[in-house]
Every structure is written in structure tokens, then in C-alpha cells.
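Some notes on the structure that comes next.
The values are calculated or read from the model by the stated rules, or taken from the named source; none is laboratory data. Just so we're clear, the structure is a prediction, and the values are computed from it rather than from any experiment. Neighbour counts are summed over all protein chains in view; Cβ atoms, including those assigned to glycine, are modelled from backbone coordinates with ideal geometry. Ligands, DNA and RNA are excluded from the accessible area calculation, which covers all protein heavy atoms including side chains. Shrake-Rupley method; radii C 1.70, N 1.55, O 1.52, S 1.80 Å.
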Amino acid sequence: ESVRRKELAAHAARSEAAQVPDGVVTREKAKLDALAFGDLRVYREGNTEQLKGLTVGSLELKAGQSPHPPHTHAEEEVLIITDGRAEISIGGKVTIAGPGDVMYVGSNHLHGIVNKSPAPMTFYYVKWLGR
């Protein structure tokens with residue numbers, strides 16, 4: 001679990017590194033990290049005129065896997081499931097979510113996700129931290 005946390009923390013640390021440019025990033029051009037629990041893609045990462053940090057990415061999570069135990073972080077987050085089914089916990093309350101479902105979690109609120117599908121499931125996420 002500590003390796004997973006370090007990998008994800010490294011992504012978060014880079015989010016303050018550079019100004020996010022306008023434009024489109026294709027799936028093929030997104031930065032891919034093939035991790036033990038699934039394929040993590042980062043499409044955009046950096047600061048903006050209004051945000052101290054912005055990260056936009058996706059995770060194709062392997063069956064039965066979680067990227068990390070329930071956790072908190074300073075950024076607010078929106079997560080959109082595109083395929084598969086997941087168990088999402090927010091503040092100890094568990095909800096089963098599927099394609100088209102959207103999660104929002106505020107700053108420093110405990111949350112987590114587990115793939116409950118027999119196959120990989122995919123979600124996209126946006127995290128941001130105001131100035």
C-alpha cells in the first residue's frame with residue numbers, strides 16, 4: 001500500500017509544476033503509468049490562472065482492485081465512471097456506482113473506490129486546489 005500511496009503522491013506533487021495549456025489531449029498522448037492495480041493516465045496536470053493545482057486523469061482499475069485504501073487530500077474531486085461497477089465510500093457510507101454515475105468529494109473528506117466488476121472498470125477524475 002505504501003508504494004501505491006507514493007506513486008499517487010508523486011502525481012499530486014507534479015500538479016503544481018507547470019501552467020496547464022489550452023488544448024486537447026488524446027488518450028494515446030496522456031501520460032500512462034501501468035501500475036499493479038491498473039492503468040493510470042494523466043491528461044493534464046499543473047496550475048491555472050485560478051487554481052493552485054489541477055489534475056485530470058483516468059484509471060482503468062483491474063477487477064477487485066482499489067488504487068489505495070480510503071484516504072483524504074486537500075483537493076476537491078469529481079469522479080465519473082464510464083464502464084464497470086464500483087463500490088465508492090465517502091465518509092464511511094458505501095454506494096454502488098456504474099456507468100454515467102458521478103462522485104463529488106470535498107477537500108479532506110475520506111473517500112475510496114473498489115472495482116466490483118469481474119473485468120476492468122474505468123473512471124475519469126478531476127482534482128483541483130484553489131489559490
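Taking THR55 as meeting all but one of (1) within 15 Å of VAL114 (Cα to Cα); (2) open to solvent by less than 20 Å² (accessible area, probe 1.4 Å); (3) in contact (Cβ under 8 Å) with a residue 60 or more places away in the chain, write down the number of the exception.
Failed condition: (1).
If we keep just the residues of region 96-119 that are part of a loop (DSSP other than H, G, I, E, B) and open to solvent by 70 Å² or more (accessible area, probe 1.4 Å), which is farthest from VAL20 (Cα to Cα)?
Filtering region 96-119 for residues part of a loop (DSSP other than H, G, I, E, B) gives 98-101, 106-110, 116-119.
From what is left, the residues that are open to solvent by 70 Å² or more (accessible area, probe 1.4 Å) are 99, 108-110, 116, 118.
Numbers: PRO99: 28, ASN108: 24, HIS109: 26, LEU110: 27, LYS116: 34, PRO118: 36 Å.
Checking each candidate, the answer is PRO118.
Among (1) open to solvent by less than 20 Å² (accessible area, probe 1.4 Å); (2) in contact (Cβ under 8 Å) with a residue 40 or more places away in the chain, which single condition is GLY46 missing?
(2)
In region 63-74, which residue that is part of a loop (DSSP other than H, G, I, E, B) and open to solvent by less than 30 Å² (accessible area, probe 1.4 Å) is farthest from VAL20 (Cα to Cα)? Outline the logic, then answer.
Of the residues in region 63-74, the ones part of a loop (DSSP other than H, G, I, E, B) are 63-70, 72-74.
Now drop any that are not open to solvent by less than 30 Å² (accessible area, probe 1.4 Å), which leaves 66-68, 73.
Values: SER66: 28, PRO67: 25, HIS68: 26, HIS73: 21 Å.
By that ranking, first place goes to SER66.
Filter region 12-23 down to residues that are open to solvent by 50 Å² or more (accessible area, probe 1.4 Å), modelled with pLDDT under 65 and part of a loop (DSSP other than H, G, I, E, B) and give me whichever is farthest from LEU79 (Cα to Cα).
ALA17
Quick check: anything in region 40-62 under 23 Å from GLY23 (Cα atoms), aromatic (Phe, Trp, Tyr) and touching a strand residue (DSSP E or B) at 6+ places or on another chain (Cβ under 6 Å)?
Checking region 40-62: at least one residue is under 23 Å from GLY23 (Cα atoms), aromatic (Phe, Trp, Tyr) and touching a strand residue (DSSP E or B) at 6+ places or on another chain (Cβ under 6 Å).
Could you tell me whether ILE80 is surrounded by 16 or more Cβ atoms within 10 Å (Cβ to Cβ), in contact (Cβ under 8 Å) with a residue 24 or more places away in the chain and of a type in the set (A, V, I, L, M)? I'd like the intermediate steps shown before the answer.
On the way: surrounded by 16 or more Cβ atoms within 10 Å (Cβ to Cβ): yes; in contact (Cβ under 8 Å) with a residue 24 or more places away in the chain: yes; of a type in the set (A, V, I, L, M): yes.
So ILE80 fits the description; yes.
With respect to ALA74, is the statement that it is within 13 Å of TYR125 (Cβ to Cβ) and modelled with pLDDT of 95 or more true?
no
Conditions tested, residue by residue: (1) open to solvent by 70 Å² or more (accessible area, probe 1.4 Å); (2) modelled with pLDDT under 60; (3) assigned to a strand (DSSP E or B).
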| residue | (1), (2), (3) |
| --- | --- |
| VAL3 | yes, no, no |
| LYS6 | yes, no, no |
| ALA10 | no, no, no |
| VAL25 | no, no, no |
| GLU28 | yes, no, no |
| ASP33 | no, no, yes |
| ARG41 | no, no, yes |
